[in-house]
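The values are calculated or read from the model by the stated rules, or taken from the named source; none is laboratory data. What you are looking at is a predicted structure, and each value in this text was computed from that prediction instead of being measured. Note that each Cβ is placed from the backbone with ideal geometry, even for glycine, and that neighbours are counted across all protein chains shown. To get the accessible areas, we keep the full protein, side chains included, count just its heavy atoms, and leave off ligands, DNA and RNA. Shrake-Rupley method; radii C 1.70, N 1.55, O 1.52, S 1.80 Å.
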Amino acid sequence: MSLQNQFETYCRTSGNNPSFREGLVNNFSRNLASHSKPPFIWFEASACSGDSISTLNAVKPNLAQILEELLDVRYWNALMPEQGEAAIQRLLTTVESGNFILAVEGAIPTAGQGRYAIPFKQNNTVFTSAELLLWMAPKAKYIIAVGTCAAFGGPSAARPNPSQSKGVRDIISQPVINVSGCPINPDWLLGTLFHLMLFDTPALDRHQRPTLFYGETIHSNCQRRSYFDKHIFAKDLGDRECMFSLGCMGPITGSDCPYRMWNDHLNWPVKDNTPCIGCTEPGFPDKSSPFFTPLPEKQPKPDERRPSHG
Amino acid sequence: MAKITLSPVTRISGLLSIEAFTGAGNIVREANCSGEQFRGFELMLKGRKVNDAVYFTQRICGICSMAHGVTAANLVRRIYGVTVSKEVSILQQALLGAEFLQNHIRHFYLLVLPDYLDSQFLTASYSKKMTSRFSPDAQQHLAEHYYLAMDYSAKCHEMLAIYGGKIPHQHGLVAEGITLPPNAGNRLQFLSLLAEVRGFIREIMLPDIYLLAETYPDYLEIGTGAARFISFGLFDPRFGGHFPAGIIENHTLHPVLPEEIHESIAHAWYRQVDPSQVLPAPEKASAYTWVKAPRYNGLSFEGGPLARKAIRAYPQPLLKVGTMARLIARAEEADQIAGWIAKWMNDLPEQGKYIQELKTPQQQEAVQINDAPRGPLLHRMTANNEDIASYDIITPTTWNFSPKDETGLRGPVEEALVGTEIVNPEDPVEIGRIVRAFDPCLSCATHLIDLEGKQGVQVEITT
């Protein structure tokens with residue numbers, strides 16, 4: 001089996017392996033010996049920081065250690081020691097040198113000439129997230145949209161989308177890998193990063209999400225599937241039966257949550273007796289709304305207000 | 001005056017810039033806090049189902065999503081006229097407490113500590129130059145604690161995920177109650193994680209904070225501000241362990257009356273288009289921020305751990321108000337809350353009623369106020385039967401990072417910056433240290449409010 005097949009098999013079957021991250025480092029990092037640490041930028045636009053927090057929740061080893069040993073973290077607003085002008089200079093140097101991995105968290109506002117997200121200003125000049133992204137994208141080796149906001153607009157772009165926020169792929173022409181989720185599971189990002197470093201871009205689905213993690217629906221692997229098949233449905237939140245009756249988006253949501261679960265394999269929404277709300281999908285949250293209404297009856301209520309000003 | 005711009009302010013949640021205007025002796029004479037992002041959650045919530053508010057408002061913030069979830073759940077219960085059982089209230093606040101612990105550990109180690117260390121101790125990639133007052137040995141230990149903090153803060157979130165399903169943006173805490181009832185197995189799991197976290201807070205975090213205060217004692221005086229404090233109260237007094245609500249102004253404690261809260265948009269990027277509508281206006285010349293200026297009785301107030309400590313200790317005055325006092329209060333509160341969570345979990349009965357049907361709305365207007373990690377949080381809703389007609393949110397960072405109002409009165413962080421000597425204007429470390437002690441969260445801070453027709457709503461201060 002080629003190394004690539006080995007790696008991809010490892011990713012697909014590792015959802016229930018608690019040492020997934022450790023295994024990645026031990027089994028495959030020797031193959032990185034010939035690769036120097038690629039420069040890495042984590043760029044935050046219009047976001048809630050949930051993907052950063054979820055990434056920090058990776059344990060044994062924690063993601064920050066992996067990023068620092070395997071990636072040269074050049075810019076990350078949430079964590080970097082530098083501030084102000086020193087931070088801007090670091091970003092400038094990294095981008096001008098090219099060949100970096102760009103991770104974008106948050107959607108890109110386009111209303112008000114993009115002034116709804118201003119990562120920084122310098123000498124009375126404002127730099128919007130849109131123009132910074134357009135400047136960085138052509139020089140990046142890989143571009144990853146981290147989280148549903150960066151991938152598809154997500155909650156930042158929820159109807160009526162006052163900031164006219166869009167996903168990264170709607171702003172730039174370069175290829176984007178969508179590691180969606182609200183927030184992401186850190187394993188999805190880490191596995192994708194390793195794939196990039198060892199090989200190249202992984203196989204992507206029609207939403208540009210790695211099939212390694214998003215290739216099957218939740219419904220395919222849900223522990224409550226036998227209830228669904230026998231039409232035994234939950235009546236209330238907190239019940240043990242199939243959550244389709246209470247709005248579950250599992251049948252149309254690409255994700256491996258039933259195997260991988262969350263927060264180091266502890267739990268996941270359906271195991272917690274609540275419906276999946278389809279947070280990895282384009283159209284989240286509007287297409288999942290109302291959250292507790294069954295899928296065939298969901299409809300985001302038509303906007304009654306006049307359009308937002310931009 | 002000379003202008004010092006600190007942009008981006010890194011190591012915070014969200015996007016923030018600070019402008020400090022200095023006079024003779026490099027003393028700050030004026031300061032502008034600029035919240036640099038806006039999404040418009042209040043506009044988004046209009047027209048959605050009332051009960052969608054819990055999961056939806058959590059997306060305001062990834063580090064305090066539980067605070068929004070709990071506040072929205074309590075609000076939805078008011079609309080439906082539902083009172084949840086004691087056991088739901090107890091477990092809910094234990095989970096909220098876990099969110100506080102996660103936040104407070106991450107805030108000190110990941111966001112604040114690098115301001116006081118030479119960065120090569122954290123990782124070879126970083127290049128920030130400064131001369132820390134700590135010895136290389138001490139810095140090595142603190143750097144090790146920085147990495148331990150990642151593990152222990154992740155454990156706090158594991159505590160939450162046991163009942164919440166996943167976190168950030170959990171599922172188990174809903175308006176109906178809590179979807180995964182406690183049993184002996186999951187209680188033991190939760191308590192074992194809590195025991196580890198308590199050990200970290202007590203044996204590592206508290207000593208580190210006190211060591212920092214000893215090593216940088218000048219920061220006991222730097223960043224004082226106006227010393228006016230506000231809290232909407234935190235945790236239910238019925239269960240032992242809570243912070244009472246209150247306002248401290250002029251060293252006197254007063255009860256909180258929500259109808260005294262108003263917001264000014266004089267210096268924020270909004271315009272009032274008609275009496276009931278405020279919309280974004282990023283081209284507005286007199287504005288410098290997306291954050292509005294909440295005022296209580298016309299004055300600005302600081303929220304957060306120091307405010308809660310001041311109000312709870314009253315009439316004992318605080319010994320110090322300033323940067324170190326804020327950091328110390330946050331760590332001490334983490335220790336207290338960790339102890340309370342253990343007690344609450346042990347008080348949970350063997351059996352209980354954890355889910356309550358919502359049925360039909362009994363109110364068409366309600367307000368829920370309670371504290372979140374950074375200070376007072378307000379969610380207010382008007383409903384059209386089961387649909388949201390309007391939704392207002394005032395977050396703690398709106399209070400703390402408020403701009404000036406129409407009278408020119410500064411917000412708390414602006415006030416705290418004034419009077420500070422910036423030793424080296426090329427590297428204004430003082431600004432970052434003062435600002436970060438307030439634990440900024442700008443993804444929370446930006447929202448809208450209707451200025452008309454919202455007075456006179458009575459609300460009890462309960463959690």
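For the range A:146-185, filtering for residues that are at negative phi, within 11 Å of another protein chain (Cβ to nearest Cβ) and either in a strand (DSSP E or B) or within 10 Å of the chain's Cα centre (by Cα) (or both) leaves 7.
State yes or no: is A:Arg224 modelled with pLDDT of 95 or more, of a type outside the set (Phe, Trp, Tyr) and under 19 Å from B:Thr179 (Cα atoms)? Yes; evaluated as a whole, the condition is true for this residue.
I need the full set of residues from the range B:265-295 which are open to solvent by 50 Å² or more (accessible area, probe 1.4 Å) and hydroxyl-bearing (Ser, Thr, Tyr), in order please. B:Ser276, B:Ser286, listed by residue number.
Residue-wise test of (1) more than 7 Å from chain B (Cβ to nearest Cβ); (2) over 20 Å from B:Pro168 (Cβ atoms); (3) free of Cβ contacts under 8 Å to residues at least 12 places away in the same chain.
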| residue | (1), (2), (3) |
| --- | --- |
| A:Pro258 | yes, no, no |
| A:Asp264 | no, no, no |
| A:Pro269 | no, no, no |
| A:Pro290 | no, yes, no |
| A:Pro296 | yes, yes, yes |
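A quick yes/no check of all residues on (1) assigned to a strand (DSSP E or B); (2) away from chain A (no Cβ under 14 Å); (3) touching a residue at least 60 places away in the same chain (Cβ under 8 Å):
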position: B:Tyr163; (1), (2), (3): no, no, yes
position: B:His169; (1), (2), (3): no, no, yes
position: B:Ala226; (1), (2), (3): no, yes, yes
position: B:Gly241; (1), (2), (3): no, yes, yes
position: B:Leu253; (1), (2), (3): yes, yes, yes
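The residues of the range B:373-404 that are more than 14 Å from chain A (Cβ to nearest Cβ) and closer than 17 Å to B:Ile18 by Cα, listed by number, are B:Thr398, B:Trp399, B:Asn400, B:Phe401, B:Ser402, B:Pro403, B:Lys404. The residues of the range B:27-72 that are over 21 Å from B:Lys292 (Cβ atoms), touching an Asp or Glu at 6+ places or on another chain (Cβ under 6 Å) and crowded, with 24+ Cβ neighbours inside 10 Å, listed by number, are B:Val50, B:Met66.
Looking at A:Gly147, A:Gly153, just one residue is touching a strand residue (DSSP E or B) at 6+ places or on another chain (Cβ under 9 Å), at pLDDT 95 or above and under 14 Å from A:Arg209 (Cα atoms), and that residue is A:Gly147. The requirement of being outside any helix (DSSP H, G or I), modelled with pLDDT under 95 and touching a helix residue (DSSP H, G or I) at 6+ places or on another chain (Cβ under 7 Å) is satisfied by A:Pro300. More than 22 Å from the chain's Cα centre (by Cα) and either open to solvent by 20 Å² or more (accessible area, probe 1.4 Å) or hydrophobic (A, V, I, L, M, F, W, C) (or both): which single residue out of B:His262, B:His251, B:His242 fits that description? The match here is B:His251. Scanning the range B:125-134 turns up no residue that is in a loop (DSSP other than H, G, I, E, B) and open to solvent by less than 10 Å² (accessible area, probe 1.4 Å). The set of residues from the range A:79-136 being within 30 Å of B:Tyr116 (Cα to Cα), open to solvent by 50 Å² or more (accessible area, probe 1.4 Å) and among the aromatic types (Phe, Trp, Tyr) comprises just one member, A:Phe127. Taking the range A:75-137 and the strands (runs of 3 or more DSSP E) fully enclosed by it, the elements with 2 or more residues that are within 8 Å of chain B (Cβ to nearest Cβ) and within 26 Å of B:Val429 (Cα to Cα) are at A:120-122. Of all the numbered requirements in (1) small (Gly, Ala, Ser); (2) more than 7 Å from chain A (Cβ to nearest Cβ); (3) within 16 Å of A:Leu266 (Cα to Cα), B:Ala154 misses one, and that requirement is (2).
Restricting the first member to the range B:93-122 and to residues that are within 10 Å of chain A (Cβ to nearest Cβ), and the second to residues that are of a type in the set (S, T, N, Q) and open to solvent by 10 Å² or more (accessible area, probe 1.4 Å), the beta-carbon pairs closer than 6 Å and six or more apart or on different chains are B:Leu117/B:Ser132; B:Asp118/B:Ser132.
Looking only at residues in the range B:296-345 that are in a loop (DSSP other than H, G, I, E, B) and of a type in the set (S, T, N, Q), the one that is least open to solvent (accessible area, probe 1.4 Å) is B:Ser300.
Against the definition (out of contact with any strand residue (DSSP E or B) (no Cβ under 9 Å at 6 or more places or on another chain), modelled with pLDDT under 95 and under 18 Å from B:Gln139 (Cα atoms)), how does B:Leu117 come out, yes or no?
Answer is yes for this residue.
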